[in-house]
1. Quickly run through the stretch 1-50 and pick out the residues that are modelled with pLDDT under 90 and charged (D, E, K, R).
2. Six or more apart or on different chains, Cβ under 8 Å: which pairs go from a residue in the stretch 80-93 that's more than 11 Å from Val48 (Cβ to Cβ) to one that's among the small types (Gly, Ala, Ser) and loosely packed, with under 14 Cβ neighbours inside 10 Å? Could you list them?
3. Return yes when Arg35 is of a type in the set (D, E, K, R), touching a residue at least 12 places away in the same chain (Cβ under 8 Å) and loosely packed, with under 15 Cβ neighbours inside 10 Å and no when it is not.
4. What are the pairs, 6+ residues apart or on separate chains, where a residue within the stretch 40-53 that is part of a loop (DSSP other than H, G, I, E, B) has its Cβ under 8 Å from a residue that is aliphatic (A, V, I, L, M)?
Amino acid sequence: MTTYLASLMVEVPVTLAATVAALAWVRVMRRERTRDVLAFGGAAALAVFTKGNALLLALVPLLAIVVARRWRLLRLPALWGTAAGVAAATGWW
């Protein structure tokens with residue numbers, strides 16, 4: 001039985017999901033709303049499910065918070081809940 005997964009071009013869907021995740025994180029930085037954090041988590045999880053190297057999206061919030069010095073974002077409960085949810089959902093992947 002031959003698997004054709006290696007021949008699929010998953011770069012386009014993973015790029016789309018990663019772009020949506022990055023744009024959602026921009027909204028988090030501007031508005032600090034729970035729904036934007038959840039949108040980032042959902043898009044990041046979708047990207048990871050599409051292709052494993054999208055795990056690098058986990059660096060986006062960390063680097064953005066450090067560079068912008070927006071330490072108060074670390075106090076958002078939605079940020080930690082979403083991080084735990086995405087890690088639990090994609091950790092086995």
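1. Selection gives Glu11 alone.
2. From the stretch 80-93, no pairs qualify.
3. Against the criterion (of a type in the set (D, E, K, R), touching a residue at least 12 places away in the same chain (Cβ under 8 Å) and loosely packed, with under 15 Cβ neighbours inside 10 Å), Arg35 does not qualify.
4. Going by the 8 Å Cβ cut-off, the qualifying pairs are Lys51/Val10; Lys51/Val14.
The values are calculated or read from the model by the stated rules, or taken from the named source; none is laboratory data. Remember, predicted model here, so these are calculated numbers, not experimental data. Note that each Cβ is placed from the backbone with ideal geometry, even for glycine, and that neighbours are counted across all protein chains shown.
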